[in-house]
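The values are calculated or read from the model by the stated rules, or taken from the named source; none is laboratory data. What you are looking at is a predicted structure, and each value in this text was computed from that prediction instead of being measured. Quick reminder, even Gly has a Cβ in these numbers, built from the backbone with ideal geometry, and neighbours come from all protein chains shown.
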Amino acid sequence: MDEGPPDSNPVPPFRARVVQESWNYTPSEAASTVATGSMTSKRTSDNEEGADNASSVSMYTYTSGDANQYRKEVEGRSFNVLNDTYALPADDEEWGRLNKQHLAITLALGGLYPAQETVQAVLAPAEGERKKILDLGCGSGVWAIAMAKEFPHAQVIGVDLAPTPVDMEIVPNNVMFEIDDISQGLSHYEGMFDVVHARLVSAGLTNFRKSKEDIERCLKPGGLMLWVEVDYHMMAQNMIDYATLPSDGVVDGSWNARLLFELAQAVGLSGRSDLETMRKVLDRGLWDDPLLDPHTCHAASLYIPTSPWVKGASRTAFLVKLPHML
C-alpha cells in the first residue's frame, strides 16, 4: 500500500473498514474495489482511556500432572479458572474446533500470517540476537507450533488461559507454553518480542484499549503486531453490505447472521467482554496509535464463505469445513 495521504484528510470513524484492502479477493472482486494507504492524523485522547498499566502477573508453569488444577468442570465441559469473561470451553472438543478454525484462516490467508514478506523480514536471523514470537490466546497451540517449525532459529511462546494440549516431548524444542490471563496486564513481557500474534482474543478482554496497549508494549522497537478479530456483523455476498437479518417482518434473511448479531449484543449487554470497544477501535484503525508507526499500519479484510453461494471446488471444500468452526 502507498504512503499515507496528507494530515489534512478527514478521519472517518470507520476508515479501517472502508479503506482496507482484502487479502483474499478473487481477481474480479479486487478489480472492483479501491484501497488506500496508511493514514495519519492528529492524536486523539482515545488511547488515554484505561491508561493504568499495572500488571497483575498470572503466569504459571505447569506439568501434565497438575494441568487439571487450571480447569473446572461445568455441565460436562471444561473451562479455564482464571478468567470468567472468556466463556468458551477448554477441552478436547473445543481444541478440535480451534484446529479447524486455524485451518480455515490459514487457507483464507494463503499461509500462517498476513503481510508475509514483512513478517519474514522482521524474523530473519540476525547475528547476536535470537528472534522471539509471542502467540497470545494460543488455544490448541497449533499456530505457535507451526511458527516454531517455520522459524527454527526463533523462540516461540504460546500463552493461554488453560493448559495447552500438547506433548512437549514431540513439539519443536524452540516453543514453550505458559498459562496467563492477558487481561491482567503483560508488563512481564514488555519489550521482549519481534512479533506478537493476537487472534480472536477480544472475547476475553474487559478493557480492550488497555489490553491493546499492553500487547503493543510487548514488542521490541521495530517489532510487528498481528491482530486478527472477527466481525460479528456478517457481510452479504457482495462483501460490501451487511447480511440481512431475518425478523417477524423480514422472512428472507440469514439466520446465521442473526445468531452472530444476537450473540454480540448479549455479550455486550452482559458486560462480560468489551466487544463494542474492539469494534470501534478496529473500525477506526490503528493509524493514530501513539505506540505504532502510522506509515507501517495496515488493515485488511479476510472473507470466509458461510453460505451455499460459493462457487468452485476449492471454495466448496472450504465451506465443508466451516460448520465445525461454529
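General observations
- The listed residues are Leu205, Leu224, Leu161, and the only one of them that is touching a residue at least 60 places away in the same chain (Cβ under 8 Å), over 20 Å from Leu275 (Cβ atoms), surrounded by 20 or more Cβ atoms within 10 Å (Cβ to Cβ) and among the aliphatic types (A, V, I, L, M) turns out to be Leu224.
- Of all residues in the range 106-118 being farther than 14 Å from Arg199 by Cβ and part of a helix (DSSP H, G or I), the one that is modelled with the lowest pLDDT: Leu107
- Matching residues in the range 155-175 - criterion: being at pLDDT below 90, within 19 Å of Glu93 (Cα to Cα) and of a type in the set (A, V, I, L, M, F, W, C): Val166
- Unmet requirement for Ala198, which otherwise passes all of (1) closer than 20 Å to Ile105 by Cα; (2) in a helix (DSSP H, G or I): (2)
- Qualifying positions in the range 164-190 - in a loop (DSSP other than H, G, I, E, B) and either within 19 Å of the chain's Cα centre (by Cα) or buried (at least 23 other Cβ atoms within 10 Å of the Cβ) (or both): Thr164, Asp180, Asp181, Gly185, Leu186
- With respect to the conditions (1) outside any loop (DSSP other than H, G, I, E, B); (2) within 25 Å of Pro294 (Cβ to Cβ), Ala264 falls short on a single one, namely (2).
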